[in-house]
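Below is one structure, written out as structure tokens, with a few remarks after it.
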Amino acid sequence: MLSVAVVGSGPSGVYAAQALLRQSLVPDVRVHVLDRLPTPYGLVRYGVAPDHEKIKSLQNGLRAVLEDDRVTFVGNVGVGGPDGVSPARLAELYHAVVYCVGASADRRLAVPGEGLPGSYSATRFVSWYSAHPDAGADPFVLDARSAVVIGVGNVAVDVARILARGADELRATDVPSAALGALEESRVRDVHIVGRRGPSQARFTTKELRELRALPGARVVVDPAELALDPAYAAPEGLPGVPPAVVRRNLEVLRGWSAAREPAAGGAGRRIRLRFFLRPVELLERDGRVAGVRFARTAPDAGGGVRDTGAYEDIAARLVLRAVGYRGVELPGLPFDAVRGTVPHAAGRVLRDGVPVPGAYVAGWIKRGPTGVIGSNRSCAKETVASLLADAAELRGRAAADDPLAVLREWGLRPVEWSGWLSIERAEAELGRSLGRGPVKIPDWPGLLGAARDGER
């Protein structure tokens, strides 16, 4: 029996488990999928916007893997943290460990005023409306009339869409009650999505972009002068290094919005303003909290980047969300490349000073950085599992525990198994019924663990 632990139950972790199940080189394999949270699915549960039901339905495919008889879900077991298991001790329990811990830290702007009240990472905002138990009860939108979202990727579009979407439209989703109530009281009317480069270099997909136009009661506004600055505006098919079809589709959508008439000032509904060629240089302060963002106006340069023009523009906002990317976080006990924010590896084998660490592997964003879409994790996981299987003969010679869960309990941990997760699901369905809604996520640790323990009694 080859005993493998996969750390992380998001897409990369589950795809790694799936690749182990589907291979035929080592038929007698046992997989434990560990997660710090008592719930599976990672960013599919806690990172996909609640109104993206089709993407959230990916949970069904992940579920099928986790319900396989050769797989055991082991929730509520952290690895590398002060209350969890160190990688060294985990290596005592399994022949191999595959780390699929993602990139959980957000990138910062590194500008004055970034730490002011009212300035947050988009990651924190997403965690709040997704009911992540670490999120707490931040009243993000209670008193802001204007919000600035810095970044032009899909995460930026997601948070802007949630800010501009009416609470009644979210009532049918699994948004937690506290977040739904805060969004219902929201005074936000203007949402600015701002990027330092042009639209041809934006990271959002056309599908995400078009969804903004489908919002009832919201209008999308684009400045035609900013579009015209982009070298790809007139001839997108000539832009090097970017898939021309994606650029053409995005520009076509933006061009249509730029031709629309600007809504009258003070008009009803919400406005989403897409802005380009603006680089944040300072968050402005008034009365002890953020009051706006000062941007340097940029323009395309000859090298395909942008340069500052010497002009500045201030956008008033009492809520600022940065969505400029993610970074991997060092896991104590594993090698870490602080510049890249990844674990050094060769085809998924963890490297320490260029030498493979016996029994240690990585997959997903901690392996390759925060790039690609959810499906990209499948091929990434397959590569890592191929390396693991090539090492199988050597791995079998390593010591492994007969019952790792029993050892974890001896060490003072209280794993939540699949039955506990099913109990959480039932509790969330019951919570939703009591509110006249579909299933509603439990947003706190005591509630999740209490529901899990109910199912274990």
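Readers should treat all values here as calculations from the given coordinates under stated rules, not as data from a laboratory. Not measured: the values here are computed from a predicted model. Ideal geometry is used to build each Cβ from the backbone, glycine not excepted, and the neighbour counts take in all protein chains shown.
Remark: spin-label model distance Ala311-Ala214 equals 3.6 nm, labels positioned 7 Å along the Cα→Cβ axis.
What's the extension gain from Arg396 to Ala167 if we count 0.36 nm per residue and subtract their Cα-Cα distance? Can you show the working numbers first?
On the way: separation 229, 0.36 × 229 = 82.44 nm, distance 5.43 nm.
Contour length minus the Cα-Cα distance gives 77.0 nm.
How do 127-137, 298-308 rank on mean C-beta neighbours within 10 Å, highest first?
On the way: 127-137: 19.6, 298-308: 13.4.
Listed from highest to lowest mean packing, they are 127-137, 298-308.
In this rough spin-label picture, where each label sits 7 Å from Cα along the Cβ direction, the Ser177-Leu142 distance is 1.7 nm.
Using the Karplus relation 6.51 cos²θ - 1.76 cosθ + 1.60 with θ = phi - 60°, the per-residue 3J(HN,Hα) values for the range 358-364 come to x, x, 10, 9, 9, 8, x Hz, with x marking Gly and Pro.
For Ala347 and Asp287, a Förster radius of 56 Å and the Cβ-Cβ distance give a FRET efficiency of 0.55, rounded to the nearest 0.05. Straight-line cross-link reach from Lys382 at under 30 Å between alpha-carbon atoms covers these lysines, not counting any fewer than eight positions away in the same chain: Lys54, Lys56, Lys207, Lys367.
Show me the ranking of peptides 397-407, 325-335 by mean Cβ neighbours inside 10 Å, starting with the highest. Don't skip to the end; give the middle numbers.
Details: 397-407: 13.5, 325-335: 18.5.
Packing proxy ranking, top to bottom: 325-335, 397-407.
Every Cα-Cα pair in the range 141-253 was counted, and those over 16 Å apart are 63% of them. Packing, taken as the mean count of other beta carbons within 10 Å per residue, orders the peptides 97-105, 172-180, 388-396 from highest to lowest as 97-105, 172-180, 388-396. Residues whose amide H comes within less than 5 Å of that of Ala291, counting only those at least five positions distant or on another chain, are Leu284, Glu285, Arg286 (H built at 1.01 Å from N in the peptide plane). Most simply put, the chain has about 40% antiparallel DSSP beta bridges, counting only bridges with both residues inside it.
Taking θ as phi - 60° and the Karplus parameters 6.51, -1.76 and 1.60, the scalar couplings of the range 2-19 work out to 9, 9, 10, 9, 10, 9, x, 10, x, x, 5, x, 5, 5, 5, 4, 4, 4 Hz in sequence order, x denoting glycine and proline. Taken over the C-alpha atoms, the range 334-449 has Rg and Dmax values of 19.6, 57 angstrom. Which residues does the label zone of Arg409 cover in the range 54-91, counting backbone N under 12 Å from a point 7 Å along Cα→Cβ? No residues fall inside that zone.
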